[in-house]
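Just below is one structure, and these are the notes that go with it.
The values are calculated or read from the model by the stated rules, or taken from the named source; none is laboratory data. All of these numbers come straight from a predicted model, not from anything done at the bench. With ideal geometry, Cβ positions are generated from the backbone for all residues, glycine too; neighbour counts draw on all protein chains shown. Just so you know, the surface numbers come from the protein's heavy atoms only, side chains and all, with ligands and any DNA or RNA stripped out. Shrake-Rupley method; radii C 1.70, N 1.55, O 1.52, S 1.80 Å.
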Amino acid sequence: MTHIRYDDPLTHIVTENVTTPAPVIAGTPVTSKGDVREHFGKLLHSSVDGKGLLYHPTCPKVHQWVRTAHHKWLTGRGFIRAVHLRHNLLPSGMMLSRLSSAHSKSCPVCVIAPYTVAHILQQCPRSHGTRIKRHNAICKYVAETMTKLGFKVEWEPMLRTTEGPLKPDLLASIGECAYIIDIAICSDGIDPDKVYLNKVAKYEPVADALVDTYSDIKLSAFVVNWRGAIAKGH
Ligand SMILES: [Zn+2]
């Protein structure tokens, strides 16, 4: 904000000595943009539908699509539904039960499970087929990206290791370099970086198995939670 200096000495003295208290939001004085951001961030992450966004601030790239008005992959309706999904605002039974007791909080298939979007997407046997399709769609996207960069990509290669056979989702190679890649879509209640580290550790024996074929082996994973937060990796 531009600081205005008044020419009249009295007006200058009076305006310079105004004591303006900091605005208070929910009992906390906020004095900067950072304070406001932090306050509303905490509020969001402590709410039922907002706590699943806890891992989003660590990966700035995942906010890009929300700001893109003309998205080539999504219709307007699809974009709105994707925003609803990110904010856990799709009308699940659990959400509708907050509005009316006519809606059930329990999954009609699993009965004891809560009828939430998280359950439908991550656990419910009814959506098993769709879950596989979602996993394969992300595999395809990663494979196409690597192919465009000149990598040869194998899907689900069966690799013999000292720990028994292991089958990562993808093996992308170029010359002496190979990426062992696994794909995971995790829940919004776990740090995607932890899932990433577990995936990489799981495929460590593969690096020994391929050491005679490739001199540069990279163990990698593409991990994203169902609300769009992406693991950063090492
Ligand atoms: Zn269910």
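General remarks:
- Criterion violated by Lys72 - all others in (1) open to solvent by 80 Å² or more (accessible area, probe 1.4 Å); (2) touching a Lys or Arg at 6+ places or on another chain (Cβ under 7 Å) satisfied: (2)
- Ile190 in contact with a Phe, Trp or Tyr (Cβ under 9 Å, 6 or more places away or on another chain), under 30 Å from Gly93 (Cα atoms), part of a helix (DSSP H, G or I) and open to solvent by 30 Å² or more (accessible area, probe 1.4 Å): no
- Long-range neighbours under 7 Å by Cβ, at least six apart or interchain, first residue under 20 Å from Asp188 (Cα atoms) within the stretch 27-45, second part of a loop (DSSP other than H, G, I, E, B) and open to solvent by less than 100 Å² (accessible area, probe 1.4 Å): Leu44/Gly50; His45/Leu54
- Of the residues making up the stretch 77-135, those that are small (Gly, Ala, Ser) and open to solvent by 40 Å² or more (accessible area, probe 1.4 Å) are Ser100, Ser101, Ala102, Ser104, Ser106, Gly129.
- For the stretch 51-62, the tally of residues that are over 9 Å from Ile230 (Cα atoms), open to solvent by less than 50 Å² (accessible area, probe 1.4 Å) and either assigned by TED's automatic domain parsing to the domain that holds Ala82 or among the hydrophobic types (A, V, I, L, M, F, W, C) (or both) stands at 1.
- Evaluation of Thr20 against the conditions (1) open to solvent by 50 Å² or more (accessible area, probe 1.4 Å); (2) in a loop (DSSP other than H, G, I, E, B); (3) within 30 Å of Leu96 (Cα to Cα) shows that the sole unmet condition is (3).
- Set Ala221, Ala231, Ala172: member being among the aliphatic types (A, V, I, L, M) and touching a Pro at 6+ places or on another chain (Cβ under 6 Å): Ala231
- Residue check, Ala184 in a strand (DSSP E or B), of a type in the set (A, V, I, L, M) and modelled with pLDDT of 95 or more: yes
- When Asp216, Asp193, Asp169 are checked against the criterion of being out of contact with any Cys (no Cβ under 7 Å at 6 or more places or on another chain) and acidic (Asp, Glu), a single residue qualifies: Asp193.
- Filter pass, Ser173 being modelled with pLDDT of 95 or more and of a type in the set (S, T, N, Q): yes
- The stretch 88-114 residues that are on the phi > 0 side of the Ramachandran plot, paired with ones that are of a type in the set (D, E, K, R) and within 16 Å of the ligand (Cβ to nearest atom) (beta carbon under 7 Å, 6 or more apart): none
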